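The structure under discussion appears below in the form of structure tokens.
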Amino acid sequence: MRFILPALAFVVLTGCSSGPTVVTPASEAQKKELWEPIAQLAGEWTSPDENGKPATVLVVKVSSNNSIVHASMMPGTPHEMTNVYHLDGPSVVMTHYCAAGNQPRMRATEAKDGTFVFRTDGVTNLRSADETYMGSMTLKIADADHFEEDWSSYKSGKEEPHVQIQYTRKK
């Protein structure tokens, strides 16, 4: 009994986990396909406002020794939201810090012709199964100065109407 209690205490205090998940790093080809196009979005982007005039709606920065891309949507407004992209092995993970207060995490495992399809990989701070959250986003990079995001939200497990945003690089 003297040895069982200390052993049990060790298991409880250290947890039963086998440790952190280790991934196989992305190959150079995967980095070129999945990471470089997103990192090259660094800069300021405009999209037409309700009057059709270009407004700065997205500021993209590369940070943390080129390991993340930080995108601020609608910077300086009460509805500012942040997307953070990073490589996770041979895929790109994007966490959307939503104005709704939840944080959907989405993953893209490939990019074809500049198109990345991010699908839900989990949502933190989802307070109810009926709460709305962003569940997928398709990123289409047309060229160095133009790209589009197509966002899909979900409520009660059902897809809601898409939101499409067209961006032009601010010069």
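Residues that are of a type in the set (Phe, Trp, Tyr) and closer than 25 Å to residue 28 by Cβ, at least 1 per element: which strands (runs of 3 or more DSSP E) completely within the stretch 51-159 meet that?
Details: elements: 54-63, 68-73, 81-88, 91-97, 103-108, 115-124, 133-143, 146-155.
Correct list: 81-88, 115-124, 146-155.
Return a yes/no flag: does the stretch 69-85 have any residue that is modelled with pLDDT of 95 or more, in contact with a helix residue (DSSP H, G or I) (Cβ under 7 Å, 6 or more places away or on another chain) and surrounded by 16 or more Cβ atoms within 10 Å (Cβ to Cβ).
There is at least one residue in the stretch 69-85 that is modelled with pLDDT of 95 or more, in contact with a helix residue (DSSP H, G or I) (Cβ under 7 Å, 6 or more places away or on another chain) and surrounded by 16 or more Cβ atoms within 10 Å (Cβ to Cβ).
What single numbered condition from (1) at positive phi; (2) surrounded by 14 or more Cβ atoms within 10 Å (Cβ to Cβ); (3) in contact with a helix residue (DSSP H, G or I) (Cβ under 9 Å, 6 or more places away or on another chain) fails to hold for residue 66?
(2)
Could you list, in sequence order, all residues of the stretch 118-142 that are closer than 19 Å to residue 37 by Cβ and among the basic types (Lys, Arg)?
Selection gives 119, 140.
Among residues belonging to the stretch 143-171 that are crowded, with 16+ Cβ neighbours inside 10 Å and over 18 Å from residue 38 (Cα atoms), point out the one that is farthest from the chain's Cα centre (by Cα).
So, considering only residues that are crowded, with 16+ Cβ neighbours inside 10 Å and over 18 Å from residue 38 (Cα atoms), the one farthest from the chain's Cα centre (by Cα) is 154.
Keeping to the stretch 30-63, report how many residues are small (Gly, Ala, Ser), surrounded by fewer than 14 Cβ atoms within 10 Å (Cβ to Cβ) and within 16 Å of the chain's Cα centre (by Cα).
The total comes to 1.
The values are calculated or read from the model by the stated rules, or taken from the named source; none is laboratory data. Everything numeric in this text was worked out from a predicted model, so none of it was measured. Because the Cβ atoms are built from the backbone with ideal geometry, glycine has one as well, and the counts that use them run over all protein chains shown.
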